[in-house]
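First comes the structure, then the notes that go with it.
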Amino acid sequence: MNANKTSLLWTTVAVLYALVLLFPVLWMATMMVKPADVMFARPTEFLFTPTLANFDYVIAEGFAWNLLTSFVLCTVSTVLVVLIGTPAAYAFARFEMKGKDDLFLFILASRMGPPVCLVIPFYLIFTKVGLLDTFAGLTLAYMTFNLSFYVWVLRSFCRDLPVELEEAAALEGWSRPQIFMRVVFPLLRNGIVATAVLCFIFAWNEFLFAFMLGGDRIQTLPVAIPKLITAQGVRWGEVAVVGIVALLPVLAVVLLLQRHIVRGLTLGAVKG
Amino acid sequence: MTVVRFEAVSKRYAGVEALAVADLNLVCGEGEMIALLGPSGCGKSSTLKMAAGLEDLSAGEIFFDDEPVARLEPGARNVAMVFEDYSLYPRMTVRENIAFPLAARGVDRATARARVDDALGLLGLDDMADRPVTGLSGGAMQRISIGRALVRDPRLILFDEPLSHLDGDQRVQLRTEIKRLQKTRHVTSILVTHDQTEATAMADRIAVMRHGVLQQVDTPAAMYERPANVFVANFIGEPPMNMLPGRPAGAGAVHVEAFGRAIAVEPLRAARAERGDGDLIVGIRPEHLAIAPAQGERADAVVSYRECRGDADSLILTPRAAPDVQILVEIPGPAAFRPGDAVAVSVAPDRVHLFERASERNVEAVS
């Protein structure tokens, strides 16, 4: 009984806390369907006739295209990061080579400075080689900063794996790639998923690179939002729509992969 | 079945001055189990890893039946290894773990299944065949690991401290079981351990190593009876041998400083000792010393501590001639000796080991 009471109390506190944190999001959600005339009414109008006008405008302005661009760009760059970064992280954790630590620090260094330091050289190079405002160019830019993060995090996951498992498999006659796929990968999966989700979210929220290196053709959602600041004023209802829509993919990814993420971020790769 | 031969094998790790393994020559006979015994850092694990192919050799060659293998990949040697921490694949069931080596070799399904079932039966693992390996007891996990090693009929099995993570009961049980399986399957095996009890209980022969150098290879009994040097004498036998300074005293006797008198020694050993430079270490195992109550002049020592173990009493004696020396004695118990008792000490002449003090080598081993 007492335990029940305590847990009820904590649940209540947790729910209230969540409500406080979520309030701005919920507010934004109501703004999506609020007509413009009651948007900032004082006192607040809780009873209004919902409208889909905001959606019409957003669709007419081609935001669906921005959403698609963002999604494809983030997915492709994250997948590439996983494909390239996983073997790299494994190699950094397992193999000895000359100047390994220096190389590792060099990789990490690309995350150390403020992004602005990187974006200008990127811009200059991209104008020269014609990668400005291209899908490939922006993918490449996203990969540089996500790859270093991914390799850095995943290396520690790899290091936590007992090397004896791989030795046992090597003695059994498995080749290095087979050992990686059949022994290492299953143990690394949660770590890979958790880290990849973080990379996806970084890419999804990224503004500076997309703004500088993108353009009219490749315009991600965060870059497109300022279009709603018009000469007639800010279109708050539409901003709310885009904002909520921008939240959804991240929310979906996290919910779908929750199990892996929690395990990956808390327990380490081996247990569980 | 395979004869494994190490020929002048050396191992040097990058950035380390001393050799981890120095000029090792060792033959492990067909179906034989050899224990590599020594304290940590003695080179026993490096030797094992070189046999497995997990470490490169710095010099020398390893032969399996006259076939050099030092340059073969681990997987090409058909060597199995049982690890200290079991190293089972955590996302697989017991059966999948044991079957995993067969999949690597492309053994067809029916054969593989039969052989896995065979291994499961042999190890008494049938009930848990389809359970995941996580959460099983240490003993069960190590049995699975042994099953995984046996299932593919390896030429050589390497046991790397297989019992050190287990507790008392399971340790003794598995020790017997490994010995039994190794003998029934007649697999050449190398066991690495730092525990002399384990080595003497399981191995046909023991190879004692120290600082990368092989000290002696012999059967457990021979090593106990005739240790090649002070290090081996100390390492084999529990509690360790008493090492007392002494010198030759002519005609089949040596003078032991701690006793303040000469004791009789097997004539051949005494004669050998005469030829050296004089100073000796006299080694006497605690269980070979006999004591009797004594009065006045005849007393050699005083009992300073008694530990009663039921079947045996462990005593510490303080010799009268050398009060800062401690002599360990084990006698059948419970005995009547108590701290403060004056005692006379005696030992059978053939139980006295003599070592040169300078080289620490057994006088019998010195040529």
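Bear in mind these aren't lab numbers, they're just calculated from the coordinates by the rules spelled out. Bear in mind that the values here come from a model prediction, so they are computed numbers and not experimental data. Backbone-built Cβ (ideal geometry, glycine too); neighbour counts: all protein chains shown.
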key: Among B:ALA76, B:ALA228, B:ALA104 the positive-end extreme of the charge dipole of the stretch B:4-233 (Cβ point charges)   = B:ALA104
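What is the magnitude of the charge dipole of chain B about its Cα centre, with +1 placed on the Cβ of each Lys and Arg, -1 on the Cβ of each Asp and Glu, and no other charges, expressed in debye to the nearest 20? List each step's numbers first, then the result.
Details: 41 positive and 51 negative charges, 71 e Å.
That gives chain B a dipole magnitude of about 340 debye.
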remark   = Residues meeting the amide H criterion for B:SER10 (H placed from the backbone, H to H distance under 5 Å, 5 or more places apart or on another chain) are B:ASP23, B:LEU24, B:SER58, B:ALA59, B:GLY60
ask   = So how far, in whole Å, is the C-alpha centre of the stretch A:24-86 from the one of the stretch B:308-327?
value = 87
inquiry  = Using all alpha carbons of the stretch B:228-301, what is the percent of pairwise distances in each 5 Å bin, ordered from the shortest bin to the longest?
reply    = 3, 15, 22, 24, 20, 11, 4, 1
key: Hydrodynamic radius of the stretch A:40-155 per Kirkwood, over alpha carbon pairs, in Å   = 17.7
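Under 12 Å from the Cβ of B:GLN215, count the other residues' Cβ atoms, weight Lys and Arg +1, Asp and Glu -1, and hand me the total.
Working: positive: B:LYS44, B:ARG210, B:ARG361; negative: B:ASP218, B:GLU360.
Its environment carries a net charge of +1.
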Degrees, to the nearest 10: A:2-32 long Cα axis against longest axis of chain A = 60
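Just check the stretch B:24-89 against the gyration tensor rule for me: Cα atoms, a ≥ b ≥ c as the square roots of the eigenvalues, rounded for a/c under 1.5, and otherwise prolate or oblate depending on whether a/b exceeds b/c.
Details: a/c = 1.35, a/b = 1.13, b/c = 1.19.
Rounded shape, in that the Cα axes give a/c under 1.5.
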Compactness of the stretch B:191-269, expressed as Rg and Dmax over alpha-carbon positions, Å = 15.0, 43
key: Vicinal HN-Hα couplings computed from phi for the stretch B:66-71 (Karplus, 6.51 cos²θ - 1.76 cosθ + 1.60; Hz; Gly/Pro x)   = 6, 9, x, 10, 4, 9
From the C-alpha gyration tensor of the stretch B:241-356, square roots of 5λ in Å = 26, 14, 11
message = Between A:VAL116 and B:ASP23, what is the label-point separation in nm under the 7 Å Cα-to-beta-carbon projection?
response = 6.9
request  = Compute the separation of the alpha-carbon centres of the stretch B:1-65 and the stretch A:94-119 and state it in Å as a whole number.
outcome  = 39
task = Take the Cα gyration tensor of the protein assembly as shown, multiply each eigenvalue by 5, square-root it, and list the three semi-axes largest first, rounded to whole angstrom.
result = 73, 29, 25
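Shape verdict for the stretch A:40-87, please, from the Cα gyration tensor: rounded (a/c under 1.5), prolate (a/b greater than b/c) or oblate.
Values: a/c = 5.71, a/b = 2.61, b/c = 2.18.
Note, shape of the stretch A:40-87 comes out prolate.
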ask   = Across the Cα atoms of the stretch B:107-199, what radius of gyration and what greatest pairwise Cα-Cα distance (Dmax) are found, in Å?
value = 13.5, 42
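Just check the stretch A:147-269 against the gyration tensor rule for me: Cα atoms, a ≥ b ≥ c as the square roots of the eigenvalues, rounded for a/c under 1.5, and otherwise prolate or oblate depending on whether a/b exceeds b/c.
prolate
Given 0.36 nm per residue, what is the gain on full extension from B:ASP118 to B:VAL213 after removing their alpha carbon distance, in nm? Can you show the working numbers first?
On the way: separation 95, 0.36 × 95 = 34.20 nm, distance 4.03 nm.
Stretched out fully, the B:ASP118 to B:VAL213 stretch lengthens by 30.2 nm.
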ask   = In chain B, how does Rg compare with the Kirkwood Rh, expressed as the Rg/Rh ratio over alpha carbon atoms?
value = 1.07
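How fast does chain A diffuse by Stokes-Einstein, in µm²/s, taking the Kirkwood radius from C-alpha pairs at 20 °C and 1.002 mPa s? If you can, show how the numbers build up before the last one.
Working: Rh = 21.9 Å.
For these conditions, the coefficient is 98 µm²/s.
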Square roots of five times the Cα gyration tensor eigenvalues for the stretch B:301-347, Å = 18, 10, 9
ask   = So how far, in whole Å, is the C-alpha centre of the stretch B:170-196 from the one of the stretch A:202-272?
value = 59
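When the expected Rg is taken as 2.2 N^0.38 Å, what fraction or multiple of it is the alpha-carbon Rg of the stretch A:1-86? Working shown, then result.
Details: Rg = 21.1 Å, N = 86, 2.2 N^0.38 = 12.0 Å.
Computed over Cα atoms of the stretch A:1-86, the ratio equals 1.76.
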